[in-house]
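Participant: Handing you this structure, nothing more for now.
Throughout, read-outs are computed from the coordinates displayed, never taken from laboratory work. On a predicted model such as this, the values are computed, not experimentally measured, just so you know. Glycine also receives a Cβ, built like all others from the backbone with ideal geometry; neighbour counts cover every protein chain displayed.
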Amino acid sequence: MARKLSGRVVVATHNPGKLRELRELLSPYGVEAVSAGELNLPEPEETGTTFAENARIKARAAAQAAQLPAFADDSGLTVEVLGGAPGIHSARLAGPDKDFARTMRVIEEKLAAAGAMKPEQRRAAFVSALALAWPDGHEEQFEGRVDGTLVWPPRGTQGFGYDPMFLPDGHARTFGEMSAEEKHGLPPRGKGLSHRARAFLALAAACLQ
């Protein structure tokens, strides 16, 4: 049986957009979230080869450093015609200045070079791996995924990262055109659409009251 989470938890991220989404997801459960950035915790080197491995690395490091349960997400965009890239390098590709406008142009240039101009050639998915780690070494792991198509030019100014160029299946608007509640709001207010929301729903069913 999965271990229940309560009280205070460290969100193992220095990314303000990701922290905002995770805080919004955790708040209905009465869990107080403090970020690794707010605690001045060092960022561990992400040496994993999968989203799940990197999520575990971040959660373990934060749990040990803060001596509190820690919650980490590793997520990114995978593009079929690019062999799954940028994948685990999605955030790093944007560089230290997090210039995703430039990074989206790079992805579009790669798609054009591959001749991927039709929607069916531009299939992609957002994947989120969530890890929970406790100071005593106990861990829980969950994953969520949402499939879609990449559009150009980018549309919308909501969300963060690659959201403005990602059109989820069954929808007419990109993640960048959706409100926070539309994108990752949980039932009954939202539909738990995003990859992070889907992973969180699995985590909540197992580990939250």
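Participant: Kindly write out, for region 132-149 in residue order, the coupling ³J(HN,Hα) from the Karplus curve 6.51 cos²θ - 1.76 cosθ + 1.60 (θ = phi - 60°), rounded to whole Hz, with x marking Gly and Pro.
Facilitator: Per residue, the Karplus-derived 3J(HN,Hα) values read 10, 10, 10, x, 7, x, 5, 9, 10, 9, 9, 9, x, 8, 9, 9, x, 10 Hz.
Participant: State, in angstrom, two size descriptors of region 104-209 derived from its alpha carbons: Rg to one decimal place and Dmax to the nearest whole number.
Facilitator: When restricted to the Cα atoms of region 104-209, Rg and Dmax are 15.9, 51 Å.
Participant: Most fluctuating residue of Gly192, Gly84, Gly76 in a GNM of the chain with Cα springs under 10 Å: which is it?
Facilitator: Gly84
Participant: Taking neighbour counts of Cβ atoms within 10 Å as a proxy for exposure, in what order, fewest first, do Met1, Met178, Met117 appear?
Facilitator: Values: Met1 4, Met178 21, Met117 10.
Starting with the residue having the fewest Cβ neighbours, the order is Met1, Met117, Met178.
Participant: Just need the relative contact order of region 8-207 here, percent rounded to a whole number, with Cα pairs under 8 Å and 6+ apart.
Facilitator: On the way: 401 pairs, mean separation 35.4, N = 200.
Normalised by residue count, the contact order of region 8-207 is 18 percent.
Participant: Can you give the Rg to Rh ratio for region 8-207, taking only C-alpha atoms and Rh from Kirkwood? Please report the intermediate quantities before stating the final value.
Facilitator: On the way: Rg = 16.5 Å, Rh = 17.1 Å.
Looking at region 8-207, the ratio lands at 0.97.
Participant: Still on this structure, I have one more. Any number yet on Rg/Rh for region 117-179, C-alpha, Kirkwood?
Facilitator: Values: Rg = 15.3 Å, Rh = 13.2 Å.
Rg divided by Rh gives 1.16.
Participant: List Thr174, Thr47 from most exposed to least, where exposure is judged by having the fewest other Cβ atoms within 10 Å. Provide the component values of the computation, followed by the final result.
Facilitator: Working: Thr174 24, Thr47 8.
Ranked by crowding around the Cβ, least crowded first: Thr47, Thr174.
Participant: Tell me, in nm to one decimal, what length is gained between Leu201 and Arg92 on full extension, where the rule is 0.36 nm per residue of separation less the Cα-Cα distance?
Facilitator: On the way: separation 109, 0.36 × 109 = 39.24 nm, distance 2.66 nm.
Value of the extension gain: 36.6 nm.
Participant: Here's a follow-up. Can you give the FRET efficiency to the nearest 0.05 for His14 and Ala112, using r as the Cβ-Cβ distance and R₀ = 45 Å? Write down the numbers at each step before the final one.
Facilitator: Numbers: r = 33 Å, r/R0 = 0.73.
My answer for the efficiency is 0.85.
Participant: Take the alpha carbon atoms of region 1-69, find their radius of gyration, then divide it by 2.2 N^0.38 Å using N residues; give the quotient. Provide the component values of the computation, followed by the final result.
Facilitator: On the way: Rg = 12.0 Å, N = 69, 2.2 N^0.38 = 11.0 Å.
That ratio works out to 1.10.
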